[in-house]
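Here the structure comes first, spelled out in structure tokens, and everything after it is commentary.
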Amino acid sequence: MKRIQARATNRPPLHPARTAMSVVVSCSLAFSCVSWGGARTAYAEDIDTNPVPDEFQQQIEQTAANYDAALAKVDEANQQIEDNQARIDELEAEIPAQQAAADDAARELYKFQQQTYGIVDFILSSENIGDFISKLDYANRVARSNMDEINRLKSMRDELESTQASLNQAKADADAEAQNADAALEAAKAARVEAQRKAREEAERQAQEEANAQAAAEAAAQAQAEATQAAQANSADDSTSDSSASDSSDTATFTGGSSSSSSSSDSSASSDDADWTSDEDAFVSEWASRINAYLAGSPMAGQGATFAEAAWTYGMDPRWSPAIAYTESSLGLYCFNPYNAWGWGSSSWSSWEDAIWSHVAGLARGYGYTLSYEAAAKYCPPNTSFWYNTTLAQMNKI
């Protein structure tokens, strides 16, 4: 029989009360904070007040819920197996002694019945009605006592048989639920691999669009410079033309450099290198270690497992939320609301665990699998490039 044991976790249940939170994102022109007389204040901007997961994100979350439910049922069946087996062991240990007691009782009962008078003899031998009742009561108590030992043995045997049947059923249930857990895990893996693939495909698309736009801008700038140079050459005398041509050449060189330097940064973070084909325990173990190393010495130190578990549940790049915490609050060092390390609107929480689960859920639902320039523009419109580049640099450190 295959037995699967669920790992202890602080994960909240996936239900509307936990996940349908209101999300309002804040960011600033520099690390999402500006100083006023030494105090740090978030420069908030409302962006998305209620991110609703699309159909694919709902599938990712449902696979996690299905897997958790299956593991819970496996645990329940395994606990029943343990309880039944413990009771069977007790009964098997007790029955031999009870068998001996029942055998003695049967012999005593037989002897007593052989030695005891019939009811007529009881009447005839009794001096009065009180004596008769006493003798009859004594005979009944002796008989009941012996019968109780015999019936106790029968009851123990019946319970043993019933418990063994329950044990067999619990084993069958555990096997079935283990198969359900395996199926749910495979579905969860597939959904997360697909999310990762789509994110990479989208990042490549954005990068290609940006490269095309940059190339077009450079070509247009070059064409404009050449047209300006030709017009100046045709309208001036020889000496003026030479001077103009020289100036025009300088202008063309400057224009091209300006176009190149003003282009936006790459549109995709480096690959998250997440192995979604592994099971949840292996995934969490690997990423908890990596994130804990990144968070070391910060107010969020030790929360690597929380980030990793939430990332697995919501099928998201495990580096993204920790990196935003650096961009927005220096890893929780400057939080304008309790435990709000991400500029996450006016939200506040009572622990890092609750805060991380809420942020990862909203991030996955409202901004996608991983960082992209479009996601950065949505998260921080006032200063997208700075926010993107800072977050990207931090993700690449994890």
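Just so it is clear, none of the values below were taken in a lab; they were calculated from the coordinates. Only a predicted model underlies this, so the values are computations on that prediction, with no experimental measurement involved. Note: ideal-geometry Cβ built from the backbone for every residue, glycine included; neighbour counts use all protein chains shown.
Could you order peptides 82-94, 330-342, 171-183 by the average number of other Cβ atoms within 10 Å of their residues, highest first?
330-342, 171-183, 82-94
Hey, what D do you get for segment 289-390 in µm²/s if you plug the Kirkwood alpha-carbon radius into Stokes-Einstein at 20 °C and 1.002 mPa s?
159
If r is the Cβ-Cβ distance from V52 to K397 and R0 is 25 Å, what FRET efficiency results, to the nearest 0.05?
The pair V52/K397 has a calculated efficiency of 0.20.
What's the extension gain from E76 to Q214 if we count 0.36 nm per residue and subtract their Cα-Cα distance?
43.7 nm
Residue by residue through segment 171-176, what is 3J(HN,Hα) from phi via Karplus (6.51 cos²θ - 1.76 cosθ + 1.60, θ = phi - 60°)? Round to whole Hz and write x for glycine and proline.
Taking θ as phi minus 60°, the curve returns 5, 5, 5, 5, 4, 5 Hz for segment 171-176.
Can you compute the FRET efficiency between K154 and A176 using 1/(1 + (r/R0)^6), with r the Cβ-Cβ distance and R0 = 56 Å? Round to the nearest 0.05.
So, using R0 = 56 Å, E works out to roughly 0.95.
Fully extended, how many nm does the chain gain between S289 and A69 (0.36 nm per residue separation, minus their Cα-Cα distance)?
Value of the extension gain: 76.6 nm.
Apply the Karplus parameterisation 6.51 cos²θ - 1.76 cosθ + 1.60, with θ equal to phi minus 60°, to every residue of segment 221-226 and state each ³J(HN,Hα) to the nearest whole Hz, in sequence, with x for glycine and proline.
Going residue by residue, I get 5, 5, 5, 5, 5, 5 Hz, with x marking Gly and Pro.
Once amide H atoms are placed 1.01 Å from N in the peptide plane, what residues at a sequence separation of 5 or more from G315, or on another chain, have their amide H within under 5 Å of its amide H?
Distant-sequence amide H within range of G315: zero hits.
How far apart, in nm, are two points set 7 Å out from the Cα along the Cα-to-Cβ line at A101 and at E194?
6.3
What nm value, rounded to one decimal, do you get for the distance between Q62 and A301 when each label is placed 7 Å out toward the C-beta?
Spacing of the two 7 Å Cα→Cβ label points: 4.3 nm.
Give me the one-decimal nm value for the distance between modelled label points at E90 and S162, 7 Å along each residue's Cα-to-Cβ direction.
1.4
Just subtract the alpha-carbon distance of E201 and S385 from 0.36 nm times their residue separation and send over the number in nm, one decimal.
That pair, E201 and S385, stretches by 64.1 nm at full extension.
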